[in-house]
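I have placed the structure first, in the form of structure tokens, so that the comments after it can refer back to it.
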Amino acid sequence: MYKSLFFISTFLLVLTSCKEGKKQQLLSESSGNLNNVSVVVNNDMWQGKVGEAIRSTMAAPVDGLPQEEPLFNLSQIPPQVFSGFVTKNRTILKIEIGANYESAVKFAKNVYAIPQKVVIVSGKTEAEVVQQLQDNAAKITEAFNSQETKEKQRRIKLSLLKIDTIEEALGIKMELPSAYRIAKKENNFFWLRKDITTGTQNIMLYELPLNRLKHNDSLVNQIINIRDSIGKVHIPGPTEGSFMITEKAYAPYLFEKTIDDKPAIETKGIWDVKNAFMSGPFINYMIEDKANNRLLVVEGFTFAPSVGKRDYVFELEAILKSVK
């Protein structure tokens, strides 16, 4: 009897897996620009309170940039034209309102294409949908951000930089695009750069004693002091006596994150150059590597005057999160 039950269970599992695999094979590849979300909602709702709630959630300003830029670019699509190639976008937000719908937020993947993240927000009334959008804003944006980060990392893997010295010195692996180069190597400090149209993308890698950071009310000041001391030693400015510091006029944003299954502090803010007119956004991770009794610090900063910087910082974030 037990053998029969085991056989039936195994058969059903294999059958389900086969059906799921077959469905995956039938799906075409997803498409679309990074950080562009298709919003399936009718025109009247898009122009009303539902649209306002969507924009306040999905197009809220990105933390830590010198000027306001939205989390995602939004493309509204009326339900009646949501078919064919327009269903293939990697990230889709669908609004469903009517007497037959429950008030809920559902997360699905690979519905119309692969890879794909689809979020369905439903309710009997517009007010219920607005409430769901507000209550689940963080979960929705995180779902889309995670999908887009994976896609960016997939694209980066197509052409990777091969540098053994970083792995040997710091004991880490990181997926770096081949366009980056080592600008400075000093002991266990690395500064990598990539030229962009209007400036440079930059990455710093170094380590500190594990007890260097105390988790108390002065955490942000500790991080600023560490950044400024590193900038003074390693990141010179264009004139004598100038070096990179943390912009004092803007308080950095701090978040608790997990990088490679290890606790980390994420800091987003603005860097400046002492005694020079240069600045831009940075993103910094201080990772607790208890096994090696150290803090591993990985930071990216962008110098791109007169242009939007969201996508540059997003690239840096995707690279830094790949550290192992």
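The values are calculated or read from the model by the stated rules, or taken from the named source; none is laboratory data. Bear in mind that the values here come from a model prediction, so they are computed numbers and not experimental data. Here the Cβ is made from the backbone with ideal geometry for all residues, glycine too, and neighbour counts use every protein chain on show. Ligands, DNA and RNA are stripped out before the accessible areas are found, and what is left, the full protein with its side chains, is counted by its heavy atoms. Shrake-Rupley method; radii C 1.70, N 1.55, O 1.52, S 1.80 Å.
Per residue, the accessible area of the range 209-264 comes to 64 Å² when a 1.4 Å probe rolls over the protein heavy atoms.
When the C-alpha to C-alpha distance is required to be over 19 Å, the pairs from K49/K309; K88/K309; K49/K124 that qualify are K49/K309; K88/K309. If only the Cβ of Lys and Arg carry +1 and only the Cβ of Asp and Glu carry -1, the dipole of the chain around its Cα centre is close to 940 debye.
Taking every alpha-carbon pair under 8 Å whose residues sit at least 6 apart, the chain reaches a relative contact order of 14 percent.
Calculate the length of the line joining the C-alpha centroid of the range 255-289 to that of the range 196-235, in whole Å. Distance between centres, Cα-based: 7 Å. Per residue, the accessible area of the range 91-176 comes to 52 Å², computed with a 1.4 Å probe over protein heavy atoms only.
Antiparallel as a % of all DSSP beta bridges within the chain, to the nearest 5?
Roughly 75 percent of the beta bridges in the chain run antiparallel, per DSSP.
Of the residues A276, S103, P252, the one whose Cα sits farthest toward the positive end of the charge dipole of the chain, with +1 on the Cβ of Lys and Arg and -1 on the Cβ of Asp and Glu, is S103. For a paramagnetic label modelled at 7 Å from the Cα of T165 toward its Cβ, which residues of the range 188-214 fall within the zone defined by backbone nitrogen distances under 11 Å? 188-192, by backbone N distance to the label point.
Cross-link check: pairs K184/K262; K150/K214; K152/K214; K248/K321 evaluated at a Cα-Cα cut-off of 30 Å; pairs beyond the cut-off: K150/K214; K152/K214.
Farthest towards the positive end of the charge dipole of the range 89-159, among the residues A113, A143, Q132, is the Cα of A113, using unit charges on the Cβ of Lys, Arg, Asp and Glu. To put it simply, the accessible area of the range 107-155 at a 1.4 Å probe is 50 percent carbon and sulfur.
Kirkwood-based Rg over Rh for the range 91-139 (C-alpha set), two decimals?
Over the Cα atoms of the range 91-139, Rg/Rh equals 1.01.
In percent, rounded to a whole number, the relative contact order of the range 260-309 is 32, using alpha-carbon pairs under 8 Å and six or more apart.
Close amide H contacts of R90 (hydrogens built in the peptide plane, cut-off under 5 Å, sequence separation of 5 or more or a different chain): S31. Which residue, M174, M244, M45, has the most motion in a Gaussian network model of the chain that connects Cα atoms within less than 10 Å? Result for the chain, Cα springs under 10 Å: M45 fluctuates most. Secondary structure note: in the range 28-162, about 30% of the DSSP beta bridges are antiparallel.
Each of the peptides 80-86, 146-152, 256-262, 299-305 was scored by the mean count of other Cβ atoms within 10 Å over its residues; in descending order, highest first, they stand as 299-305, 146-152, 256-262, 80-86.
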